[in-house]
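*Asks:* Before I ask anything, let me first share the structure, which is written out below as structure tokens.
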Ligand SMILES: [Zn+2]
Ligand SMILES: [Zn+2]
């Protein structure tokens, strides 16, 4: 919905519709009180929320959600973390956002006081989940440790907000946080990127966004690997110079061929495949860097000797720290890539379970499934 101009009064109901997680895989639509913003917080009327693989993890297994010191089941907890909306009420002292502003959110507000938060690594907050009576460090990560976006309203700390330009649709704006994760991975790799070579393994949403953001930052060449031609073709439209179908071609040999035997500077691993790290080590050159943005379900053997001998650096990332979401939003506002190509389906709030089914079963090639709330 196009938001009314700043300053417009929005009638705010006392109660709202929200989905809550009962037992594993059981979501239920309930009525909840509309939350009140505190100091440095705003009330966001949620306009759209996207489904993410992590939401599926949470509703089936619980982690990484952590509510009142335990798993999130049967605690009246509302999941959903990739949302955008309209600021409708300001908490005390808020002046950098106004009523009527369109905003997207990043997930982690952190506690703001631990060592990692103070370093900008608020997604690695040392007080994760400590926000309840007797253990209140003020940590917030909506959809993980506090109520999230499968609802009509949510309270957000101002540190988690980013402005959304007029021309950007609600659906596209839900992708800002995904682009933020890709940006954070490239940040952590520490690359200058421009003119440097990048392989992205796995064309899921974060992989596709890593292609788009890497290309927008000038990486060259950008090489995407995956198993499905439709996703690989989308990767090409988002900026990949080469797409390799690993079912048809050995990806290590292909990377070596494309780089004339040299290998690449960086690998963003977004597949979670059991052998992905070993393959990534064969794709980077000596001194190269690998960022793991996905992981296998089980422990896997890794050729550590190769890693040590070749001075290869391996990083893990958690979410989207260090204001990476703001940098990603800026690239999207500048239309440096067409994020909206990743949005495939939209459902109303009443149909959240159906939206999840489309996402999980990849019905009609679903990639980003968005729930339109207002
Ligand atoms: Zn997510
Ligand atoms: Zn912290």
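Bear in mind that the values in this text are calculations on the coordinates, not laboratory data. Model, not experiment: these values are computed from the prediction. Using ideal geometry, Cβ is built from the backbone for each residue, glycine included, and neighbour counts are taken over all protein chains shown.
*Asks:* Taking Cα pairs under 8 Å and at least six residues apart, what relative contact order does the chain come out at, in percent?
*Replies:* Contact order relative to length: 17 percent.
*Asks:* Please order 77, 150 by the number of other Cβ within 10 Å, starting at the fewest.
*Replies:* 77, 150
*Asks:* May I pose another question? Of 36, 249, 172, which has the largest mean-square fluctuation in a 10 Å C-alpha GNM of the chain?
*Replies:* Of 36, 249, 172, the most mobile in the Gaussian network model is 249.
*Asks:* Give, in nm to one decimal, the length gained when the segment between residue 350 and residue 68 is fully stretched (0.36 nm per residue of separation minus the Cα-Cα distance).
*Replies:* Residue separation times 0.36 nm, minus the Cα-Cα distance, leaves 98.8 nm.
*Asks:* Also, I was wondering about something else. Indicate, rounded to the nearest 5 percent, the antiparallel portion of the DSSP beta bridges found entirely in the chain.
*Replies:* Counting only bridges with both partners in the chain, antiparallel ones make up about 55 percent.
*Asks:* Taking every pair of alpha-carbon atoms in region 221-374, give the share separated by more than 22 Å as a whole percent.
*Replies:* Looking at region 221-374, the distances longer than 22 Å represent 54 percent of pairs.
*Asks:* With 10 angstrom as the radius, rank 354, 335 by how many other C-beta atoms surround their C-beta, starting from the fewest.
*Replies:* 335, 354
*Asks:* May I pose another question? As a test of the formula, what do you get for the chain when each DSSP H run with n ≥ 4 contributes -39,500 (n - 2.57) and the sum is divided by the residue count, at 222 nm and rounded to the nearest 500 deg cm²/dmol?
*Replies:* Value at 222 nm, helices only, nearest 500: -7000 deg cm²/dmol.
*Asks:* Specify the residue with the greatest mean-square fluctuation among 342, 84, 183, computed from a Gaussian network of the chain linking alpha-carbon atoms under 10 Å apart.
*Replies:* 342
*Asks:* Continuing with this model, one more query. Compute a Gaussian network model of the chain, connecting alpha carbons closer than 10 Å, and tell me which residue from 134, 38, 288 fluctuates the most.
*Replies:* 134
*Asks:* Starting from the Cα of residue 335, step 7 Å toward the Cβ, then list every residue of region 69-108 with an amide N under 11 Å from that point.
*Replies:* Of the residues in region 69-108, none has backbone N under 11 Å from the label point off residue 335.
*Asks:* Still on this structure, please answer the following. Divide, for the chain, the radius of gyration over alpha carbons by 2.2 N^0.38 Å, where N is the residue count.
*Replies:* Ratio of Cα Rg to 2.2 N^0.38 Å: 0.98.
*Asks:* What FRET efficiency, computed as 1/(1 + (r/R0)^6) with R0 = 22 Å and r the Cβ-Cβ distance, is obtained for residue 286 and residue 257, rounded to the nearest 0.05?
*Replies:* After rounding to 0.05, the efficiency reads 0.75.
*Asks:* Sort region 36-135 into rounded, prolate or oblate with this rule: let a ≥ b ≥ c be the square roots of the eigenvalues of the Cα gyration tensor; rounded if a/c is under 1.5, and if a/c is not under 1.5, prolate when a/b is larger than b/c, oblate otherwise.
*Replies:* Here region 36-135 falls in the oblate category.
*Asks:* Just want the ordering: 147, 303, from fewest to most Cβ atoms lying within 10 Å of their own Cβ.
*Replies:* The most exposed by this proxy come first: 303, 147.
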